[in-house]
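All remarks here apply to the structure that follows.
The values are calculated or read from the model by the stated rules, or taken from the named source; none is laboratory data. None of these values were measured; they are calculated from a predicted model. Please note: Cβ atoms are built from the backbone with ideal geometry, for glycine as well, and neighbour counts cover all protein chains shown.
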Amino acid sequence: MAGGVCRSKVRLDGKTVLITGANTGIGKETALDLARRGARVILACRDLTKAHIAAVQIRKQSRNDNVVVKKLDLACLQSVRDLARDIINNEEHLDILINNAGIMMCPKWKTDEGYEMQFGVNHLGHFLLTNLLIELLKKSAPSRIVIVSSLAHEKGQIHFNDINLEEDYKPDVSYRQSKLANILFCRELAIRLKGTGVNTYCLHPGVVRTELARHLFPTSLWKNPLLLPFLLMIKNPQEGAQTSIFCAVDESLANSSGLYYSDCALKTPAPAAMDDNTAKRLWALSSSMVGLI
């Protein structure tokens, strides 16, 4: 039930990695693994208190003091711009960007700009961040962009006529839309970055016991002994981080870009996730929404 494991022993000494939402769950486990490989790891997080606690733990467990915390609220595009400016001004290179942070099945909330929260955080915030850091990633090539999606994309669709789902908001419909957007973004990004030395990867981490499900289940529910058989069938955060790590470091992927992975292996996403016309249309809409055009 633990799924695939990243077997690569590659070192990342001298490399810089930025991971969004790295203070908990699979983001934190990914940060720990890459810190153990010698990377400079930037934890880009909304909750700075939790992020600093995580950074202390990662430094201690990895024996790598080069773990830093930066503020990032993906529900605020100005926060995204501020982080990008900070990175561009203060980092000589950026070798791996991991768009890990996310929100799942939340109520009908809105971002600072008034966009539907799940689409805004899971897709738009990362879309803007990635685009603002593209030139630094190109300068640092060979470099990688890793986008955490979900199997939930298989039932998703992009609601171009009501992207914020104002007419009929359903948390699951919103989540699936945002996860499909992740894969379409990865696909179109790979086309646009062809020949630059920057490769893109998207992935399904598996069903993982993390805080991501806090809007579905109360924390106390995980402690119910009646759920033990179910809990044994889902991944812990370390297991759930394996495909993120695989996409970030595995040597076998050096010549691959724009593809989808699960359990540290190449997988075929849903047909909707391979529609290049939809991907281009989503790119144009996203660019407009975040102010890139």
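Structure data summary
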read-out	value
Breaking point among (1) farther than 26 Å from Tyr261 by Cα; (2) free of Cβ contacts under 8 Å to residues at least 60 places away in the same chain; (3) assigned to a loop (DSSP other than H, G, I, E, B), for Ala141	(1)
Strands (runs of 3 or more DSSP E) contained entirely in the range 1-71, each with at least 1 residues that are over 16 Å from Ala241 (Cα atoms) and among the aliphatic types (A, V, I, L, M)	40-45, 67-71
Residues within the range 256-279 that are touching a residue at least 12 places away in the same chain (Cβ under 8 Å), exposed (fewer than 11 other Cβ atoms within 10 Å of the Cβ) and either in a helix (DSSP H, G or I) or of a type outside the set (A, V, I, L, M, F, W, C) (or both), tallied	0
From the options Gly125, Gly114, residue that is surrounded by 18 or more Cβ atoms within 10 Å (Cβ to Cβ) and of a type in the set (Gly, Ala, Ser)	Gly125
Residues of the range 82-105 that turn out to be assigned to a loop (DSSP other than H, G, I, E, B) and under 15 Å from Val17 (Cβ atoms), as a count	7
Cβ pairs under 6 Å, 6+ apart, first in the range 189-211 and modelled with pLDDT under 95, second among the hydrophobic types (A, V, I, L, M, F, W, C) and assigned to a loop (DSSP other than H, G, I, E, B)	Val207/Ile234; Arg209/Ile234
Selection count, the range 244-270, where residues are among the aromatic types (Phe, Trp, Tyr) and within 21 Å of Arg192 (Cβ to Cβ)	2
Search result, residues across the range 159-196 that are assigned to a loop (DSSP other than H, G, I, E, B) and within 20 Å of the chain's Cα centre (by Cα)	Leu193
Count of residues meeting criterion [farther than 16 Å from Ser256 by Cβ and either of a type outside the set (Asp, Glu) or surrounded by 24 or more Cβ atoms within 10 Å (Cβ to Cβ) (or both)] in the range 159-191	21
Selection status of Val41, surrounded by fewer than 18 Cβ atoms within 10 Å (Cβ to Cβ), modelled with pLDDT of 95 or more and among the β-branched types (Val, Ile, Thr)	no
